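Single-structure report; data block below.
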Amino acid sequence: PIVITRKRKHQQDEEVIDGIRVYRLTAPFLPPFHLEIHKRFLQPFVNRIGEGVDLFHIHLPLVPDLRLPKPYVLTVHSSLIEDIRHYEQMTWKNRSKAVVTKSYYRMIYQRYLSDAREIITVSGTVAAELEKYYQMNNKRITILPNGVDSEFFKDHGFERQPAVLFAGRLGERKGLPDFIAAAERIHQRFPQVEFWIAGEGPLRLSLETQIQHSPLAKKVKFWGWCNRTQLQELFNRASVFVFPSRYEAAPLTLVEAMASGIPIVATPVGNVPDLLKHQENGMIVPPGEPERLASEVISLLENESLRRAIATNAQSLVEQNLTWKTIARKTLSLYERVLHPGTMQRSRKIVSEVIEE
């Protein structure tokens, strides 16, 4: 197996991880046309390795319009159309960029969708968007959610603190104003509780300014961008995780929170309704209703046995259906549908070895 991805700071150009060779290509990030720049770096590389590859697996969005010499499987993480709506509600500059981005990406999506041998979406929401915006026949789509390293995120014995955690990009669609409004209500009932915000994004400055002159001034902590290990510790230390988003496709932080054993209050967006059932393995509240969000968080803070029960149920779901081993096996079965058994023999052996480690 070979992985080709974009290089970030302090990463090697090439390395082998668990038997998988990873190539990282350097390319500038200049949206919305950075994909055309990336293509100049990526297409020659794909041409060079193409003869030794049986099958490509492309992940949209953020992949240029490549000409692939072999069949490919396509995973769509977002239709982009709904994501872009949130930028269209912002400044004139962002609205203009959104119009260009939507037209540009639509052409790329149409081409990849029409030629893919198998199409995967990470949630039913994304599948419905492909049907709506790209006229895709849903019979061509397999829904395969994001997986999680459950061993890494499980509770490692940290002492839980009276804290409510949000983790994610500090952007328009994440429902952060609702979280802050809910925090003010929770603070009235539990003045000792802290509110932790992990992540970076365009709303950070306005949120900090808003909180500075409120009763929450000494109770909200911004952790900034967190790496995987830092995020795992926050999941393991906080008492409740909140997910107040207005729109999502298949949020990875939600699955990581489920794996960590922290009780969750979430809005029913994206694949959340597929994962969480109200009062069974999570608490569900409508988007844009901070009063309901506060009420459900308070109910969890007041009831330790309820916190423990729904967190345990969420962990069990992850272990049964959402580990990377499970997702890898299901993905491999799609590869087998595309390729002749003879060409899959070596790949199946390598992937099986990685799965079992």
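Just so it is clear, none of the values below were taken in a lab; they were calculated from the coordinates. Being a predicted model, the structure only gives us computed values, none of them experimental. Cβ placement follows ideal geometry from the backbone for every residue including glycine, while neighbour counts extend to all protein chains displayed.
Brief remarks follow.
- Here is the size of the chain from its Cα atoms: Rg then Dmax, 21.5, 67 Å.
- Long-range amide H partners of residue 221 with built H, under 5 Å: 195, 196, 197
- Close amide H pairs (under 5 Å, H built 1.01 Å from N) link residue 65 with no residue at least 5 positions away or on another chain.
- Radius of gyration and maximum dimension Dmax of segment 255-328, Cα, Å: 12.5, 40
- Principal-axis analysis of the Cα atoms of the chain puts helix 34-49 at an angle of about 50° to the longest axis.
- Segment 310-317 - phi-based ³J(HN,Hα) in whole Hz, Karplus 6.51/-1.76/1.60, Gly and Pro as x: 6, 5, 5, 5, 5, 4, 4, 4
- Under DSSP loop assignment and at most 12 Cβ neighbours within 10 Å, longest chymotrypsin sites (Phe, Trp or Tyr not before Pro)-free interval of the chain: 34-224
- Between segment 41-73 and segment 234-284, the Cα center-to-center distance that results, in Å: 34 Å
- Coarse-grained scattering of segment 116-182 at q = 0.11, 0.29 Å⁻¹, given as base-10 log I(q)/I(0) from a Debye sum over alpha-carbon atoms: -0.53, -1.16
- Contour minus Cα-Cα distance for residue 65 and residue 328 (0.36 nm per residue): 92.1 nm
- Gyration tensor (alpha-carbon) shape descriptor, segment 150-321, a/c threshold 1.5: rounded
- As a rough guide to protection, the peptides 117-126, 7-16 ranked by mean Cβ packing within 10 Å, highest first, stand as 117-126, 7-16.
- Annotation for segment 152-170 versus segment 116-131: alpha-carbon center distance of 31 Å.
- Stretch gain in nm, segment residue 107-residue 277, where the contour uses 0.36 nm per residue and the Cα spacing is subtracted: 57.5 nm
- Backbone HN-Hα couplings from phi across segment 69-84 [Karplus 6.51/-1.76/1.60, Hz, Gly and Pro as x]: x, 9, x, 9, 9, 10, 10, 10, 8, 6, 6, 6, 4, 5, 4, 5
- In this structure, the amide hydrogen of residue 21, modeled 1.01 Å from its nitrogen in the peptide plane, lies closer than 5 angstrom to those of 3, counting only residues at least 5 positions away or on a different chain.
- Segment 150-321: relative contact order in percent, alpha carbon pairs under 8 Å with at least 6 residues between: 27 percent
- Label separation (residue 2 vs residue 305): 5.9 nm, computed from points 7 Å beyond Cα along the C-beta direction.
- Working from label points 7 Å from Cα in the Cα-to-Cβ sense, the residue 316 to residue 155 distance is 1.5 nm.
- Within segment 119-199, the GluC sites (Glu not before Pro) that combine a DSSP coil assignment with at most 13 other C-beta atoms in a 10 angstrom radius are 159.
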